[in-house]
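See structure below.
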Amino acid sequence: MNGPLADRFKAGFRRHAAGVALVVGETPDGPVGVTVSSLSSVSAEPPLLSFSLARTSSAGPRLVGCDALAVFVLAATQADLAAAYAVREAERFTPGQGWVREGGRLVLPDAVATFRGRPGHVIGAGGSWVVLLEVERVDLGAAAPPLVHHDRAYRVPAELPRTRALRAAEG
């Protein structure tokens, strides 16, 4: 899709706020990871989540070839980490970024949630892949304000005043 429709499509999604996560996999050449804001719950039974990867990215082809993936949901304090994994040139998987190895697996202790599983389906969709991850394990970190991506920037959402409907429901 090129031209005015593509431009308006992209502009429309810049107005859509989304949570931020890192998708990480292990390859024979070492770990690979990328920042995503397309994370979505698909099913609780069985537990499935989805995310998309650009086919043109350097990480996308390597991630879709992994047998297992981990998805780390980021807190607002991790904006620098999200930014590093959104560009090709940045240093990755350093102890200074918070990474540790436990049982041979990469762990990001400050992530608010970690989903581990196997890619069940990888679907070509335009210039992207949509990955359905069959979740086998969920680790919850400390509750923290979420990191949100909106209009090409990382942000922290603010709590809104209670609506009339919520106040009425609370009695």
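The values are calculated or read from the model by the stated rules, or taken from the named source; none is laboratory data. Computed from a predicted model, the values in this text were never measured in an experiment. No Cβ is skipped: glycine too gets one built from the backbone with ideal geometry, and neighbour counts run over all protein chains shown. Surface areas here come from the heavy atoms of the whole protein model, side chains and all, with no ligands, DNA or RNA. Shrake-Rupley method; radii C 1.70, N 1.55, O 1.52, S 1.80 Å.
Give segment 17-38 a look and list any residue that's closer than 24 Å to E89 by Cβ and part of a loop (DSSP other than H, G, I, E, B), or say none. Correct list: V20, P28, D29, S37, S38. For segment 66-102, taking the residues that are under 28 Å from H121 (Cα atoms) and in a helix (DSSP H, G or I), the one that is least open to solvent (accessible area, probe 1.4 Å) is identified as A82. Any residue at all in segment 19-38 that's surrounded by fewer than 20 Cβ atoms within 10 Å (Cβ to Cβ) and in contact with a His (Cβ under 6 Å, 6 or more places away or on another chain)? Checked segment 19-38: no residue is surrounded by fewer than 20 Cβ atoms within 10 Å (Cβ to Cβ) and in contact with a His (Cβ under 6 Å, 6 or more places away or on another chain). Of all the listed residues (V156, V130), the sole one being touching a helix residue (DSSP H, G or I) at 6+ places or on another chain (Cβ under 8 Å), among the aliphatic types (A, V, I, L, M) and open to solvent by 40 Å² or more (accessible area, probe 1.4 Å) is V156. Among what's in segment 39-65 and is free of Cβ contacts under 8 Å to residues at least 40 places away in the same chain and assigned to a strand (DSSP E or B), pick the residue that is least open to solvent (accessible area, probe 1.4 Å). Here the answer is S43.
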